[in-house]
Amino acid sequence: MKRLSIMLLAGCLWAFVATEVPASDGMIPSQTLVSFEFVDEHGRVFEKYPLSSRNADVSRAYLEAKPNARYAIRARNLTGEKVGIVIAVDGRNIISGERSELERGESMYVLDPYQTASYEGWRTSASEVRRFYFTNVEDSYAGRIGDESAMGVIAAAVFKTRPEPARMWRGQTDRAAETPAPAAESSDAAAARAGRSSQAGTGFGERQHSRVVRVAFSPERRASQRSFFKYEWTEQLCARSVKSCEPANRFWLEQRRGFVPLPPGEHD
């Protein structure tokens, strides 16, 4: 299954082809167009804790983050048509690095029908990404550029294809994202650092080769699916009672029923 990414430049959407990754099984709600998993560098899946939602096209879940663990976002197209996905980590578009509102005009990834793809980092060029890893707020990409407005949330908006073809433009080139410089810290921000130390963010990790090629894509005006994942350390999930963290006690939890069984060789 080939991986695609897409970039919007001068009113035209462009997509890219890259490596193959295996699809995964699982029960998915019928209204879901694209399923999302989060895997570490060894292919292990990070635990999710779904929340109820009033809207059929919106899903929310908690995600258990592990300190310093590298992760990838695995997206699986469950439909028979091409779709585009705007993905934002900590509120920043993972292709352009710009502040995201999950809108159709943003840079996005594209999946072919029934395709599965993994997105492993902040895209800095058509051939390279910088790896995602869980870290503290101060070390995160968004924190370093001074935007904590959506810290600890991975969000995605899925767009179906419009029937009319996209306009094609020539002469566009890729621009590599610059490594962010630490933002100047105000006195108020410094005072709040203690309260932020327990929060999780996503860092701007080591370089990784990730080759892509452009294709055209024209999204519909509105997203057909929006998914939000609030990732937090295990301790915070325990404190919120999202995850059960109490050790099992065999004397307390085990329930016996009936009477004492006869020992071997003993008869009524």
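Laid out as a table, the results:
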read-out: All positions within the stretch 88-114 that are on the phi < 0 side of the Ramachandran plot and over 17 Å from the mean Cα position of the chain (by Cα); value: ARG104, GLY105, ASP112, PRO113
read-out: Enumeration of residues in the stretch 46-62 that are of a type in the set (Lys, Arg) and either in contact with a Gly (Cβ under 6 Å, 6 or more places away or on another chain) or surrounded by 14 or more Cβ atoms within 10 Å (Cβ to Cβ) (or both); value: LYS48, ARG60
read-out: Yes/no for LYS243 being closer than 30 Å to TYR49 by Cβ, part of a loop (DSSP other than H, G, I, E, B) and touching a residue at least 60 places away in the same chain (Cβ under 8 Å); value: yes
read-out: Residues of the stretch 65-116 satisfying the condition of being polar (S, T, N, Q) and assigned to a loop (DSSP other than H, G, I, E, B); value: ASN68, THR79, SER96, SER100, SER107, GLN115
read-out: Check on TRP233, of a type outside the set (A, V, I, L, M), modelled with pLDDT of 95 or more and surrounded by fewer than 19 Cβ atoms within 10 Å (Cβ to Cβ); value: yes
read-out: Which numbered condition VAL137 misses (of (1) buried (at least 24 other Cβ atoms within 10 Å of the Cβ); (2) among the β-branched types (Val, Ile, Thr); (3) touching an Asp or Glu at 6+ places or on another chain (Cβ under 8 Å); (4) under 22 Å from ALA69 (Cβ atoms)); value: (1)
read-out: Some residue of the stretch 158-181 being within 24 Å of the chain's Cα centre (by Cα), at pLDDT 95 or above, among the small types (Gly, Ala, Ser) and surrounded by 14 or more Cβ atoms within 10 Å (Cβ to Cβ); value: no
read-out: Unmet criterion (only one of (1) modelled with pLDDT under 95; (2) within 20 Å of GLU37 (Cα to Cα)) for MET151; value: (1)
read-out: Candidates ALA223, ALA184 - the one that is part of a loop (DSSP other than H, G, I, E, B), among the small types (Gly, Ala, Ser) and modelled with pLDDT of 95 or more; value: ALA223
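The values are calculated or read from the model by the stated rules, or taken from the named source; none is laboratory data. Every value quoted in this text rests on a predicted model; they were computed, and no experiment measured them. Here the Cβ is made from the backbone with ideal geometry for all residues, glycine too, and neighbour counts use every protein chain on show.
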